[in-house]
Amino acid sequence: MIPRLHVVTDDAVLARESFPDLACGVLEAGGRELALHIRGPGSSGRHVYQRAQNLLEVARSTGSMVLVNDRVDVALALGLPGVHLGARSLPVETARGLLGSDPVIGASVHTLPEARDAERRGADFLLAGTIFDTRSHPGRAGVGVGPLARIVGAVELPVLAIGGITIERVASVMETGAHGVSLIRGIWDAPSPALAVRQILDRLRHAHGGR
């Protein structure tokens, strides 16, 4: 089961002294409905490894999913339940050959052909964006929900929207048939990341009829 809420880090978030406590709060707030992506494109492998390792006990107790982005080696070393791959990562099929059949593999896509290609290569879920303008990708304009709806309708994989997602935008995103949403700034820049997780999950449950 792919969680409906994915919370993603960046290098600045991983570097915060408060990150371990904030991340534990996020995992506890999200439980089985949340996947936390340890993403640090400019961080060392050791740093990504340590940040992920320190969360595994809490993740096990809450039923949350901890993934790493790009670093298949870290996923293997820690026995994580999966990875998420972007344009700079190993190909999906190569990662599958290394990880085996059980771990989940996500892929970032921006166009319908990319989505179809990721599905063909064996991805388990997709993060599709950039949906709205976001400071995380300042040079990439948001494409809106139209392209997202076309991707959702063309593949059989769970598709989650990423890019400028806010509480107010969850409803319009979910009207496309998307499986869920993924956030960076909307969680980590909130006064309380754990509270932001609970609020987003409430919107997601409402969009799915309370389930």
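Structure values in brief
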{"item": "Residue selected from segment 62-74 under the condition under 15 Å from the mean Cα position of the chain (by Cα) and not in a strand (DSSP E or B), by the criterion nearest to residue 91 (Cα to Cα)", "result": "70"}
{"item": "Qualifying residue in segment 77-90 (condition: under 12 Å from the mean Cα position of the chain (by Cα), among the hydrophobic types (A, V, I, L, M, F, W, C) and within 20 Å of residue 164 (Cα to Cα))", "result": "yes"}
{"item": "Helices (runs of 4 or more DSSP H) enclosed by segment 108-211 - at least 1 residues per element that are surrounded by fewer than 20 Cβ atoms within 10 Å (Cβ to Cβ), in contact with a helix residue (DSSP H, G or I) (Cβ under 7 Å, 6 or more places away or on another chain) and modelled with pLDDT of 95 or more", "result": "112-121, 145-154, 193-207"}
{"item": "Check on residue 198, within 14 Å of residue 5 (Cα to Cα), under 17 Å from the mean Cα position of the chain (by Cα) and charged (D, E, K, R)", "result": "yes"}
{"item": "Residues of segment 40-49 satisfying the condition of being surrounded by 15 or more Cβ atoms within 10 Å (Cβ to Cβ) and part of a helix (DSSP H, G or I)", "result": "47, 48, 49"}
{"item": "Where a residue in segment 13-36 is among the aromatic types (Phe, Trp, Tyr) and its partner, wherever it lies, is open to solvent by less than 10 Å² (accessible area, probe 1.4 Å) and assigned to a loop (DSSP other than H, G, I, E, B), with Cβ under 8 Å and at least six apart", "result": "19/9"}
{"item": "Residues of segment 190-208 classified as acidic (Asp, Glu) and in contact (Cβ under 8 Å) with a residue 60 or more places away in the chain, total", "result": "0"}
{"item": "Some residue of segment 71-82 being open to solvent by less than 40 Å² (accessible area, probe 1.4 Å) and either under 18 Å from residue 183 (Cβ atoms) or in contact with a Cys (Cβ under 8 Å, 6 or more places away or on another chain) (or both)", "result": "no"}
{"item": "Hits in segment 1-39 (condition: open to solvent by 10 Å² or more (accessible area, probe 1.4 Å) and under 13 Å from the mean Cα position of the chain (by Cα))", "result": "2, 4, 10, 33, 39"}
{"item": "Yes/no for residue 52 being open to solvent by 10 Å² or more (accessible area, probe 1.4 Å), hydrophobic (A, V, I, L, M, F, W, C), at pLDDT 95 or above and assigned to a helix (DSSP H, G or I)", "result": "no"}
{"item": "Residue 143 within 24 Å of residue 169 (Cα to Cα) and in contact with a strand residue (DSSP E or B) (Cβ under 6 Å, 6 or more places away or on another chain)", "result": "no"}
{"item": "Test for residue 84: is it modelled with pLDDT of 95 or more, closer than 23 Å to residue 5 by Cβ and touching a Gly at 6+ places or on another chain (Cβ under 8 Å)", "result": "yes"}
{"item": "Test: residue 88 is in a helix (DSSP H, G or I), open to solvent by 10 Å² or more (accessible area, probe 1.4 Å) and either more than 27 Å from residue 199 (Cβ to Cβ) or in contact (Cβ under 8 Å) with a residue 60 or more places away in the chain (or both)", "result": "no"}
{"item": "For residue 95: the one exception among (1) surrounded by 23 or more Cβ atoms within 10 Å (Cβ to Cβ); (2) under 20 Å from residue 10 (Cβ atoms)", "result": "(2)"}
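The values are calculated or read from the model by the stated rules, or taken from the named source; none is laboratory data. Since this is a predicted model, take the numbers as computed values, not measurements. Virtual Cβ from ideal backbone geometry, glycine too; neighbours counted across all protein chains shown. All accessible areas refer to the heavy atoms of the entire protein, side chains included, with ligands and DNA or RNA removed. Shrake-Rupley method; radii C 1.70, N 1.55, O 1.52, S 1.80 Å.
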